[in-house]
1. Roughly how far apart, in whole Å, are the Cα centres of the range 182-239 and the range 375-408?
2. Taking the Cα centroid of the range 51-96 and of the range 243-287, what is the distance between the two, rounded to the nearest whole Å?
3. Ordering C148, C155 by accessible area with a probe of 1.4 Å, largest first, what comes out?
4. Can you compute the FRET efficiency between L61 and A222 using 1/(1 + (r/R0)^6), with r the Cβ-Cβ distance and R0 = 41 Å? Round to the nearest 0.05.
5. Within 14 Å, Cβ to Cβ, of K176, how many net charges do the neighbouring residues add up to if Lys/Arg are +1 and Asp/Glu are -1?
6. Where in the range 161-229 are there GluC sites (Glu not before Pro) that are in a DSSP coil and have at most 11 other Cβ atoms within 10 angstrom of their Cβ?
7. With the other protein chains left in place, how much accessible area per residue, in square angstrom, belongs to the range 98-279 at a 1.4 angstrom probe?
8. Counting only protein heavy atoms and a 1.4 Å probe, tell me what percentage of the range 98-279's accessible area is made up of carbon and sulfur.
Amino acid sequence: MVLDNLSNSLKDAMKKLAGKTVIDRAAVDELVRDLQRALLSSDVNVKLVMQLSQSIKSRALAEDLPKGMNAREHVLRIVYQELVGLVGKEADFALRPQKILMAGLQGSGKTTTTGKLCRYFQRKGLKVAAIGADNFRPGAFAQLETLCKKMNVPCYGDPMEKDAVKIVRDGLEALKDNEVIIVDTAGRHALEDDLIDEIAQINDFLHPDHRWLVIDAAIGQAAREQARRFHEAIGIDGVIVTKMDGTAKGGGAMSAVAETQSGIVFIGEGETIDDLEKFEPNGFISRLLGMGDLKALVEKAEESIDAEDVDVNAMLRGKFSLNDMYKQLEAVQKMGPLKQVMSMLPLGGMKLPTEALDGTAEKMKRFRIIMDSMTPQELDEPSLINTSRMIRVAKGSGTSLEEVRDLMKYYKMMQKTLKGFRGNRMAMGKMMKQMQKGGMGPMGPM
Ligand SMILES: Nc1nc2c(ncn2[C@@H]2O[C@H](COP(=O)(O)OP(=O)(O)OP(=O)(O)O)[C@@H](O)[C@H]2O)c(=O)[nH]1
Ligand SMILES: [Mg+2]
């Protein structure tokens, strides 16, 4: 995982929030202080940190609780949304034939990333090739060629040629059978005029579909200035932040890029060819906070889920009727596949048998249709349901005896599973509360 330091301190802050009995102003203040510390030590700009703090505080205290969400989840949702805002939008591209120009300072990771991108497009089934237009550093072409050879990716270069534009022209000709062409360029140790001139000339000649700037995460918030200057020169439309694995300043680099006009396309997180991740803000922040897919959860929690009459206490005492199951199926249906929902619950080490999780939405729907043909007594006391009743229910619901048996089997399995949980009352109570609330706990994995 990239950004381990930041991630760990954010996770700690969220855990602290999860452990609070009440979420009041003091709890929000404390959370915001923890977030500030975490973000500042990741070199996020002070002004941005302050804006984010202000925004979290005022939203947490002023906004109404969304239906189906408790105060804790409300705050978590705001934190999540604000952090997604901080790292900005992803820069997108299509999986189709295209030319990509790589730009960046010396040592930022252009050549390595060119190799990684070749691998990426190759995996997506596109015919990809690279041009090594770095005639500044001796050995530059050999470096790219070695990378490409390992992947069987065609690579063009001419270490003797001084004119970078000519290399690109010849390269396009030599590689014209390929769909995606990635052009690696020379870096300089600072943004000097001749670097800018050269890349501007290549840009004019190549007319690339994308101009991606490679930035070393270790420069932290200085990334803003670099992105801005390159953007002025050639119109950067995506940034690749590299070496996220080796610095504590990645948060600063990312948030600084977010402030410029170009979004992040990829993140480099290691030296090998596969250490490249397509940047996706929601997933990225969810993982940073250590919590599955928060976006899905936040969206789910926004739908109102009315499961409040699941009788937790009765279930804890040992009663789990078809009625209870019916209500749960209803609640769960509004939240998506059971397997996914269960994976979000704070069950700790406990696992439902996989058969219980394999109920497809379609099957659940059939179950509900069957249950609609049962009497209230039957729903409350399923042991009443003998074969003749099953036949009646099957007829009444337009299903088959087999399907009714299937439902009863499923019910018994759920009942047995819940008995198993009962041994662990705490986890059980927690799970049922989550189910009742319907928020299905973004706080789950904490
Ligand atoms: N840990 C880590 N190292 C990286 C990453 N990306 C690149 N590097 C390393 O950074 C160093 C420089 O990478 P290059 O790809 O040669 O950089 P460049 O921008 O092409 O450099 P010049 O061609 O000299 O301008 C190499 O040692 C790479 O292995 C990354 O995401 N993580
Ligand atoms: Mg290079």
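1. Each part reduced to its Cα centre gives a spacing of 69 Å.
2. 19
3. Values: C148 0, C155 35 Å².
The ranking, largest first, comes out as C155, C148.
4. Efficiency for this residue pair is about 0.75.
5. On the way: positive: K99, K127, R169; negative: D170, E173, D177, E179.
Residues close to K176 contribute a combined charge of -1.
6. E192
7. Heavy-atom accessible area per residue stands at 40 Å².
8. Values: 3460 of 7350 Å².
On the range 98-279, the fraction of accessible area on carbon and sulfur atoms equals 47 percent.
The values are calculated or read from the model by the stated rules, or taken from the named source; none is laboratory data. These figures come from a predicted structure and were not determined experimentally. All Cβ positions, even for glycine, are placed from backbone atoms using ideal geometry, and neighbour counts span all protein chains on display. The protein model used for the area step is the full one, side chains on, heavy atoms only, and it has no ligands, DNA or RNA in it. Shrake-Rupley method; radii C 1.70, N 1.55, O 1.52, S 1.80 Å.
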